[in-house]
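S.K.: Structure in structure tokens, see below.
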Amino acid sequence: MLVRNEIAISVYAPTLVGDEKRPLAIAQGMERALPDLRLAWTTSEKEDLIPLPNRDQGLATDKTNGGFFFLCNDDDDRLVTLSGSENPLGLAADGVPHFEVHASLPLDTASIAAAADVLAAIGELALAFWGHATPFDAGVAIAEQTSPTVEGPPRPPRGLPALKLPEKIRSPEIPHRLGWLNYWSAAAAKAIGFPVPARDAELLSRARRTESGGWVVQLTDAPLDLDNPAHLDALKRAYERFPEIGGRGSP
């Protein structure tokens, strides 16, 4: 369950095939990125915590819903979660199913400091096309960029651009939206034209390369807050810079 005081992380990757190692690698990578984290619990239907003494073995053998079962720590005051599943819908016009990983971090000092490392770890180990990490409130507004209304097309808030639905996007490497922190694989960065040093100096000052040649790009120093005019302006400028994001650069 999403809550207002969290950072929501989502990455989008090719589906799991055969004896996949990605689920276990993702959990272990997230633990390395966030000090003192141990994702060794899951929950029952009544949301009771259930310890997982054989978690690693379970992740290696149980591909629940084409992904892996819900994981969390045992700290209600600093709840961290992780899960993965196959989405039968496509990321793009080809309609090919994909693998999604979702995680959440508390919106506190330690998690804010580690969020880029956590996103990079999940993105790299999922072999993701792209992903993002965004505080809850900003994420709600960004989601409305693609949400249809009763009247028809999306009517995004705050002057943000309308984004196309996945079936109108030409390839799975093209990100559907921006977030506070953005994971772009090497293929995604190429698809949207990043980086161009002469145009992207500000973004590059808050960007880092990943081991696979992708990027983690941070839009604002502090977590994205769309009530902050400077943050809203940074988000709008990034959309203007990358018209391919959300399929806006295609007919």
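The values are calculated or read from the model by the stated rules, or taken from the named source; none is laboratory data. Quantities reported herein were computed from a predicted structural model and do not represent experimental measurements. Virtual Cβ from ideal backbone geometry, glycine too; neighbours counted across all protein chains shown. In case anyone asks, the SASA skips ligands and DNA or RNA and just uses the protein heavy atoms, side chains included. Shrake-Rupley method; radii C 1.70, N 1.55, O 1.52, S 1.80 Å.
S.K.: DSSP loop trypsin sites (Lys or Arg not before Pro) in the stretch 1-109 with at most 13 other Cβ atoms within 10 Å of their Cβ, which ones?
M.R.: Values: sites: 4, 21, 32, 38, 46, 55, 63, 78; in loops: 4, 21, 38, 46, 63.
Qualifying residues, ordered by number: 4, 21, 46.
S.K.: Just the accessible area for residue 43, please: 1.4 Å probe, Å², rounded to the nearest 10?
M.R.: About 50 Å², ignoring ligands and nucleic acids.
S.K.: Compute the accessible area per residue over the stretch 156-251, keeping the other protein chains in place, probe 1.4 Å, unit Å². Let's see the in-between values first.
M.R.: Values: 4420 Å² over 96 residues.
On a per-residue basis, the stretch 156-251 sits at 46 Å².
S.K.: In what sequence, largest accessible area first, do 174, 112 appear using a 1.4 Å probe?
M.R.: Numbers: 174 0, 112 55 Å².
Result, largest first: 112, 174.
S.K.: Report the residue, chosen from 26, 192, 169, that carries the largest GNM mean-square fluctuation when the chain is represented by alpha-carbon nodes joined by springs under 10 Å.
M.R.: Evaluated over the chain, the most mobile residue of the options is 192.
S.K.: Quickly work out the residue 187-to-residue 158 label distance, labels modelled 7 Å from Cα along the C-beta direction, and quote it in nm with one decimal.
M.R.: The two pseudo-label positions are separated by 3.1 nm.
S.K.: Continuing with this model, one more query. The stretch 13-70 to the stretch 167-233: how many Å between their Cα centroids?
M.R.: If we compute the Cα centre of each part, the gap is 27 Å.
S.K.: Once neighbouring chains are kept in place and the probe is 1.4 Å, which whole percent of the accessible area of the chain is contributed by carbon and sulfur? Could you put the intermediate results ahead of the total?
M.R.: Values: 6510 of 12030 Å².
Ligands and nucleic acids excluded, carbon and sulfur reach 54 percent.
S.K.: Which value, in debye to the nearest 20, describes the size of the charge dipole of the stretch 1-104 about its Cα centre when Lys and Arg Cβ atoms bear +1, Asp and Glu Cβ atoms bear -1, and nothing else is charged?
M.R.: On the way: 9 positive and 17 negative charges, 48 e Å.
Taking the Cα centre of the stretch 1-104 as origin, the dipole is about 240 debye.
S.K.: Magnitude of the Cβ-charge dipole of the stretch 59-120, K/R +1 and D/E -1, about the Cα centre, nearest 20 debye? Numbers along the way, then the final one.
M.R.: Working: 2 positive and 10 negative charges, 42 e Å.
Its charge dipole is roughly 200 debye.
S.K.: A further question follows. How about the stretch 122-222: which GluC sites (Glu not before Pro) there lie in a loop by DSSP and see at most 12 other Cβ atoms within 10 Å?
M.R.: Within the stretch 122-222, the qualifying GluC sites (Glu not before Pro) (loop, at most 12 other Cβ atoms within 10 Å) are 151, 211.
S.K.: Expressed as a rounded percentage, what relative contact order does the stretch 196-248 have, with Cα pairs under 8 Å and six or more residues apart?
M.R.: Value for the stretch 196-248: 20 percent.
S.K.: Of the candidates 123, 193, 214, which one comes out as most mobile in a Gaussian network treatment of the chain with C-alpha springs shorter than 10 Å?
M.R.: Among 123, 193, 214, the largest GNM mean-square fluctuation belongs to 193.
S.K.: Which residues' amide hydrogens lie under 5 Å from the amide hydrogen of residue 7, considering only partners 5 or more residues apart or on another chain, with H built in the peptide plane?
M.R.: 105, 107
S.K.: Let me ask you something else. Subtracting the Cα-Cα distance from 0.36 nm times the residue separation, let me have the gained length for residue 110 to residue 228 in nm, one decimal. Write down the numbers at each step before the final one.
M.R.: Numbers: separation 118, 0.36 × 118 = 42.48 nm, distance 2.20 nm.
Gain on extension, residue 110 to residue 228, equals 40.3 nm.
S.K.: Quick check for you: with a 1.4 Å probe and neighbouring chains kept, what is the accessible area per residue of the stretch 1-78, in Å²? Each step should come with its number before you reach the end.
M.R.: Details: 4590 Å² over 78 residues.
For the stretch 1-78, the per-residue accessible area is 59 Å².
S.K.: Shifting gears a bit: Starting from the exponent 0.38 and prefactor 2.2 Å, build the expected Rg for the stretch 22-104 from its residue count and divide its actual Cα Rg by it. Don't jump to the answer; show the numbers that get you there.
M.R.: Details: Rg = 13.7 Å, N = 83, 2.2 N^0.38 = 11.8 Å.
Its radius of gyration relative to the 2.2 N^0.38 Å reference: 1.16.
S.K.: While we're on this one: For the stretch 1-139, I need the span (max minus min coordinate) of the C-alpha atoms along each principal axis, in Å, sorted largest to smallest.
M.R.: Its Cα atoms span 41, 35, 28 Å along the three principal axes.
S.K.: Next up: Taking the chain as a Gaussian network, Cα atoms linked when under 10 Å apart, which of 82, 91, 160 shows the biggest mean-square fluctuation?
M.R.: Most flexible of the set in this elastic network: 160.
S.K.: Continuing with this model, one more query. If you average the sequence gap of Cα pairs under 8 Å that are 6 or more apart and divide by the length of the chain, what percent do you get for the contact order?
M.R.: 20
S.K.: Tell me which of 112, 5, 142 sits at the most positive position along the dipole axis of the chain, charges placed on C-beta atoms (Lys, Arg +1; Asp, Glu -1).
M.R.: 142
S.K.: Also: Can you tell me, using C-alpha contacts under 8 Å and at least 6 residues apart, the relative contact order of the stretch 1-110 as a whole percent? Spell out each step's value before the answer.
M.R.: Values: 186 pairs, mean separation 36.3, N = 110.
The value is 33 percent.
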